[in-house]
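Below: the structure, in structure tokens.
The values are calculated or read from the model by the stated rules, or taken from the named source; none is laboratory data. Quick caveat, the model's predicted, so the values are computed rather than measured. Note: ideal-geometry Cβ built from the backbone for every residue, glycine included; neighbour counts use all protein chains shown.
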Amino acid sequence: MEAYCVKCKTKREVQEAQAEFNATGAPVTRGRCGVCGTTLYRIGRTPAHEGMEAPQRKAVRKRSGKLVIVESPAKARTVGRFLGKGYTVRASVGHVRDLLRSQLSVDVDHNFEPKYRIPNEKRPVVKEIKQLAQKAEEIYLATDPDREGEAIAWHLMEAAEIEPEITRRVVFHEITEPAIQEAFEHPRSIDMSLVDAQQARRVLDRLVGYSISPILWEKVRSRLSAGRVQSVALRLVVEREREIEAFEAEEYWTIKAELKPQGGKTSFMARLVRVDDEEPALTSQAAAEAVTADMQQGAYSIQKIKRWERRRKPMAPFITSSLQQEASRRLGFTAKRTMALAQQLYEGLDVGEGGTTGLITYMRTDSTQVSEVALKEVRELIAQNYGGDFLPAVPPQYKTRAKGAQEAHEAIRPTSVRRLPEAIKASLTHDQFRLYQLIWKRFVASQMEAAVYDTVSVDVVGNTPAHEYGLRASGSTVRFPGYLVVYEEALDEDLRSDEEIVRIPAGLEENQTQKLVALLPEQHFTQPPPRFSEASLVQNLEEHGIGRPSTYAAIISTIQERGYVYREAKRLLPTETGMTVNDLLVAHFPDIVDTNFTANMEENLDQVAEGKAVWADVVREFYDRFGPEVARAQAEMPAAKAELEKVGRACPDCGHDLVIRWGRFGKFISCSNFPECRHTEAWLEVIGVKCPKDGGEIVQRKTRKGRVFYGCANYPTCDFTSWKQPIAQPCPKCGGLLVIANKREVQCTACGESFLNEQLEAVDSEKA
């Protein structure tokens, strides 16, 4: 006997067939697919039913109405508004089935078959959907347009026993009335290739986590974990920290010359770039002073002036990674915060249009594609609001840089550029507005003309009896602002240049004599590579092809929640535990923490998603290498259980020693008798300054969002706090508490007077 398999998308022989009767008394046969194991179901009497007594046939209820299932209640409200009468919209509230938490739940010996269950908290949801599905004439699975959404749709069918004959899959990338109508007019079946890709990722992650984590519990300490992608991210952070620790700064000097044309009134700065035919080698103050002394004797003139036009093109509209990076740089949002806000904007908010509506397109994407409808709308807005000069003749095209990008998706953009940020500001929270405005500006700018600069470069030559010195000054002026009237991308702090903007005076000519006004030597030291910010770590992961848009925020959150990494001044630093775990994984699981290996695995998963590879084969290829590594690590990995540092006090609750631990927000104090005793205290970083109110120690603290502030250790008895760091030196004027105002100044909290650092140094010298 054969029956249709929804997973294989073809008829299969029914294995382990069981004859029975359904709720209406009709004869049916239930079994499983011999190829993939999916439950098979066929209506009709067979010889196996002979002799079986059919239950009393219940009246067949006539099906009516259409059932639509989405993930979230917010999305359900928005979609329901656009569909109107005749549709019942329900939310699954995420996944309705998952692997068992208490065990591996992957049958390694039988083609890595996963064992799914419905969590207890999801049983009422599944029950309701099942009841509604039995009454509905048509069922539409409208989960998110990615692998995760496709998998949720399939799990819904399996868990709620939804009949495939009346079920359709609908996909839309924005929650607007036209997009939803278009999706429902062109439904499709579930894409099992996408489901298999998600299933493969889930199985791989479970195999890694459940195999390595117990070893870490035994060798290091309990409650540690490892992950196929998170461990690579941890390695990047740890290796960067070690680069910084090993870095040795080298001294170097630069020399700038202030020059003025003969008879001119305006001077300009030029930088020394050449001594004779070589780059200047100024590695010490003595070398810089020798060159400066010789340059004082020089005769200077302009050798060459070069003028050209420079065009600066706009950046592409946002994809997930670039949105997370820009929101971090410009708005100070974590990746997790950015995605949560974007989810709200996507699912729909009430902005005074008669109900909730989606404000942006789907926010988990790696494609820069833009629909023709959106292009037409944004070009009309640019022409009307900014003028034809700002509108390119041909819409700019952007190539997606991410590996394995899904070009069928769209970039992150407003669902309508006519919905101006300021017009809906009152309907949004402060952070929702800021993110929406960022997305709106970036999208509009991406479709505008390039900015045009007039650039000039001036080469100056100085001759002395000993040497010929080459100096250069470059500057630009904006001739046409182009897209800059709307938006200018923020530079990563790691990429910012310390070079000043040089203003080139008008009237300069070649061979024109220049008067040397001053020479300005300046000492510098080479800098170590910067620690990762969340923005730069996301960028690095993307460049290596590690993870996918839906995983970046979760990866960064996980390594912090596990106590492997913490944020300080918006930078990611590894904890001692993080470094220990990383070293053990590098030594015993080199593939797991190898960027190339992990990137290749992502490509294999993409092959599964495209239907070019079988998911079980991909998992098997991985496990054939991974399994022996687990066995060797179990036997060979040395114990690395470091003694926890004692605070020197007893726990007030149970009397055991208090120890220092690392958590999501950095150091904290807890009882050594954990988990029996759960006493915890904040870790207080003493800065060596006395509180001006009660004389207690001022300590460094952190808010829940990781912002550093300073307060009295005797809180709540004393309520002194300061966002600015106090210093030990008292105010020279009134003796009050001084705090650091900026790099150059300090300010008194008592009298409000400000002092330059040089003034304080002079006071210290006088006292000495």
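Show me the helices (runs of 4 or more DSSP H) entirely contained within segment 220-335 in which 3 or more residues are closer than 30 Å to Pro590 by Cβ and in contact with a Leu (Cβ under 7 Å, 6 or more places away or on another chain).
On the way: elements: 230-246, 285-295, 320-326.
Qualifying helices (runs of 4 or more DSSP H): 230-246.
Within the bounds of segment 58-73, is there any residue that is farther than 30 Å from Tyr346 by Cβ, β-branched (Val, Ile, Thr), in the same structural domain as Val170 (by TED's automatic domain parsing) and in contact (Cβ under 8 Å) with a residue 40 or more places away in the chain?
No.
When segment 469-483 is examined, which residues are found to be in a strand (DSSP E or B) and crowded, with 19+ Cβ neighbours inside 10 Å?
Those that are in a strand (DSSP E or B) and crowded, with 19+ Cβ neighbours inside 10 Å: Tyr469, Gly470, Leu471, Ala473.
Table: residues versus (1) more than 29 Å from Lys11 (Cβ to Cβ); (2) not polar (S, T, N, Q).
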site	(1), (2)
Thr29	no, no
Arg32	no, yes
Thr38	no, no
Ile43	no, yes
Ile69	no, yes
Lys75	yes, yes
Leu83	yes, yes
Gly86	yes, yes
Ser105	yes, no
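Given the structure, is Val763 under 30 Å from Gly332 (Cα atoms), among the hydrophobic types (A, V, I, L, M, F, W, C) and either within 34 Å of the chain's Cα centre (by Cα) or at pLDDT below 90 (or both)?
Spelling it out, it is not the case that Val763 is under 30 Å from Gly332 (Cα atoms), among the hydrophobic types (A, V, I, L, M, F, W, C) and either within 34 Å of the chain's Cα centre (by Cα) or at pLDDT below 90 (or both).
For Gly563, indicate whether it is in contact with a Gly (Cβ under 8 Å, 6 or more places away or on another chain), surrounded by 19 or more Cβ atoms within 10 Å (Cβ to Cβ) and at pLDDT below 90.
Yes: the conditions hold for Gly563.
Anything in segment 250-270 that is under 45 Å from the mean Cα position of the chain (by Cα) and buried (at least 18 other Cβ atoms within 10 Å of the Cβ)? List them, or say none.
Trp253, Ile255, Lys256, Ala257, Phe268, Met269, Ala270
Considering each of Val619, Val581, Val586, Val630 in turn, give the residue that is modelled with pLDDT of 90 or more and more than 14 Å from Leu216 (Cα to Cα). Working first, answer last.
Details: Val581 fails: more than 14 Å from Leu216 (Cα to Cα); Val586 fails: more than 14 Å from Leu216 (Cα to Cα); Val630 fails: more than 14 Å from Leu216 (Cα to Cα).
The unique qualifying residue is Val619.
Can you confirm whether segment 90-105 contains a residue that is acidic (Asp, Glu) and over 30 Å from Ala179 (Cβ atoms)?
Checked segment 90-105: no residue is acidic (Asp, Glu) and over 30 Å from Ala179 (Cβ atoms).
Residue check: is Thr703 in contact with a strand residue (DSSP E or B) (Cβ under 9 Å, 6 or more places away or on another chain), at pLDDT below 80, exposed (fewer than 13 other Cβ atoms within 10 Å of the Cβ) and under 30 Å from Glu534 (Cα atoms)?
yes
Search segment 636-655 for residues being crowded, with 16+ Cβ neighbours inside 10 Å and modelled with pLDDT of 90 or more, and hand back the single one that is farthest from Val708 (Cα to Cα).
For segment 636-655, the residue satisfying everything is Met637.
Within segment 323-354, can you find the residues that are in contact with a Ser or Thr (Cβ under 6 Å, 6 or more places away or on another chain), buried (at least 23 other Cβ atoms within 10 Å of the Cβ) and farther than 24 Å from Phe82 by Cβ?
Gln324, Ala327
Return a yes/no flag: does segment 533-550 have any residue that is under 25 Å from Ile215 (Cβ atoms), loosely packed, with under 15 Cβ neighbours inside 10 Å and modelled with pLDDT under 95.
So far as segment 533-550 goes, no, none of its residues is under 25 Å from Ile215 (Cβ atoms), loosely packed, with under 15 Cβ neighbours inside 10 Å and modelled with pLDDT under 95.
If I go through segment 396-425 residue by residue, how many of them are touching a helix residue (DSSP H, G or I) at 6+ places or on another chain (Cβ under 9 Å) and either modelled with pLDDT under 95 or within 24 Å of Ser371 (Cα to Cα) (or both)?
Within segment 396-425, residues that are touching a helix residue (DSSP H, G or I) at 6+ places or on another chain (Cβ under 9 Å) and either modelled with pLDDT under 95 or within 24 Å of Ser371 (Cα to Cα) (or both) number 20.
So for segment 127-148 (the condition being under 30 Å from Ser211 (Cα atoms), touching a Lys or Arg at 6+ places or on another chain (Cβ under 8 Å) and not charged (D, E, K, R)), does at least one residue qualify?
no
Have a look at Thr320, Thr357 and point out the one that is closer than 30 Å to Ile559 by Cα, surrounded by 16 or more Cβ atoms within 10 Å (Cβ to Cβ) and at pLDDT below 95.
Of the residues listed, the single one that is closer than 30 Å to Ile559 by Cα, surrounded by 16 or more Cβ atoms within 10 Å (Cβ to Cβ) and at pLDDT below 95 is Thr320.
Could you tell me whether Phe247 is surrounded by fewer than 17 Cβ atoms within 10 Å (Cβ to Cβ) and of a type outside the set (A, V, I, L, M)?
Spelling it out, Phe247 is indeed surrounded by fewer than 17 Cβ atoms within 10 Å (Cβ to Cβ) and of a type outside the set (A, V, I, L, M).
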